[in-house]
1. What about residue 365, is it of a type outside the set (A, V, I, L, M) and assigned by TED's automatic domain parsing to the domain that holds residue 35?
2. For the stretch 1-36: of the residues being aliphatic (A, V, I, L, M) and in a loop (DSSP other than H, G, I, E, B), which is nearest to residue 132 (Cα to Cα)?
3. Spot the failing condition for residue 335; the list is (1) surrounded by fewer than 22 Cβ atoms within 10 Å (Cβ to Cβ); (2) touching a residue at least 24 places away in the same chain (Cβ under 8 Å), and only one is missed.
4. Look at the stretch 245-297 and say how many of its residues are touching a helix residue (DSSP H, G or I) at 6+ places or on another chain (Cβ under 8 Å), over 20 Å from residue 186 (Cβ atoms) and in a strand (DSSP E or B).
5. Residue check: is residue 201 farther than 30 Å from residue 68 by Cα and either touching an Asp or Glu at 6+ places or on another chain (Cβ under 8 Å) or crowded, with 19+ Cβ neighbours inside 10 Å (or both)?
6. Within the stretch 315-337, track down each residue that is out of contact with any Lys or Arg (no Cβ under 9 Å at 6 or more places or on another chain) and either closer than 24 Å to residue 410 by Cα or not in a helix (DSSP H, G or I) (or both).
7. What pairs can you find where one residue is in the stretch 192-204 and touching a residue at least 24 places away in the same chain (Cβ under 8 Å) and over 9 Å from residue 181 (Cβ atoms), the other is in a strand (DSSP E or B) and acidic (Asp, Glu), and their Cβ atoms are less than 9 Å apart, with a gap of 6+ or different chains?
8. Considering (1) more than 30 Å from residue 285 (Cβ to Cβ); (2) modelled with pLDDT under 95; (3) not charged (D, E, K, R), say which one residue 217 fails and leave the rest.
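The values are calculated or read from the model by the stated rules, or taken from the named source; none is laboratory data. Bear in mind that the values here come from a model prediction, so they are computed numbers and not experimental data. Note that each Cβ is placed from the backbone with ideal geometry, even for glycine, and that neighbours are counted across all protein chains shown.
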Amino acid sequence: MAIKQKYDYDIIVIGSGAAGSSAATIAAHGGKKVAIIEYDKFGGESSNWGDVPTNALLNVAHLYDESKRATRFGIRSSALSYNFPALQNWRNISIKRTGASQNKEFYQEEGIDIFAGRAHFISQHEIMAGRKSLTARYFIVATGSKWKIPDIQGIESIDYLTPRNLFDIVRPPRSLYIVGAGKTGVELAQLMSELGIKVYISDIAGRLLPNEDEDVGVLLDNIFSKQRDIEVLTQTRTLLIEKDGVNKRVTYVRGGVNNTVKVEAVLVATGRVPETDLGLGNVGVTYNQDGIEVNKYLQTNSSNIYAAGDVLEGGARSTHASLIEGRVVANNILHPRSQVEPDYLGLPRVTYTFPEIASAGITENECIRRDLHVRTGLAPLHTVARSNTSDFRHGFVKIVANKKGIIIGGTIVAPNASDMIHEISLAIRQNMTVEDLANMPHAFLSWSEAIRVAASRAIR
């Protein structure tokens, strides 16, 4: 009879972000002996440097900007100003409230051991946590990702900023050049602009937010250019960044013409790369520059090693996707005979500009690329009464349905888009039709009335 191998732990989780934390907690509740290895701050990117602090500051910046614009309502606000250290303190409060800094105590209460240090695989069942050797039957890699530094001449010779350290600065810059016009780039462009900073935002793509519906990029470009005094530089390649006294001189090419602009700071927001430097080659795990390869159950080609979160290969990531994957890998280790796949159907995508941008399912542009025959219904925000009472008209709801009228996608640009999108997500998950949404009562003077209007316009 074979002797059962004994390990220090049933499961070791590498990384304490959304994916790792959820997986570790579920596994511990399932009776497994669990440990977490973390080399950075507990709680991961979202709690400490990403979604939470960014959204907290976006809220304050928008409140400040709207207050300054409130003279049209009879409110006197011309003398309004802000205190930058106080803004930084508010950011820190928002981070503290997540409880991320108390995660060590939380894990200990859950019976989860924690180890600080970089993880490095030694063999199939052994890993180093700093200088300490640990063994486990299973491993979950949830190491997340880090900001990618673009190949721009001279960038290493300057003190560039990333979204991680942007608000560690002593004072806000008077001008800022942002490289990258994806979700984070446009969020930070608006945030800094609302604080009175001159912003340039550049991207090689033909429009802002190139992965969203084309109408989104066109509208956001218009808002940035005409209302926010943000200079939008799409179809632009940044060639050179060099010091110019206390400033930086940026050289870029657009439309075949070289241009230069002098700014006080440069922010790099060109996307993220997975954190895979943990000795995966030692255990034969297949990975590449885009992340770790897994099967439909999030299992790597090494059967006792799973992966979840931003470290996975391919696609834009989100905290809510990572939470789903953390739950899935925990279930699949706890219940190997009833493994499940992550279900991303209707998963919302949100960009927290103002207006907010939210989408679910597939976009109209994606349908065109796939040569799918679809119905679409478009409702500009000015078609609903809330637009009048809020004095806001810049946005729309677009619903995409297949030939039978079943909803397969939707995009919302509106002040409360992050809340509104879940109605469309639910419709996608439940195979609802445009008639179903069009016939559902929506509260008068809600932004959600635009969903009903868009659905009714998709009926044929």
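1. Here the answer is no, as residue 365 does not meet what is asked.
2. 3
3. Against the list (1) surrounded by fewer than 22 Cβ atoms within 10 Å (Cβ to Cβ); (2) touching a residue at least 24 places away in the same chain (Cβ under 8 Å), residue 335 comes up short only on (2).
4. Qualifying residue count, the stretch 245-297: 4.
5. no
6. Once the filter is applied, which keeps residues that are out of contact with any Lys or Arg (no Cβ under 9 Å at 6 or more places or on another chain) and either closer than 24 Å to residue 410 by Cα or not in a helix (DSSP H, G or I) (or both), the stretch 315-337 yields 315, 319, 320, 321, 322, 323, 324, 325, 335, 336, 337.
7. Note: pairs meeting the criteria are 198/231; 199/231; 200/231.
8. (2)
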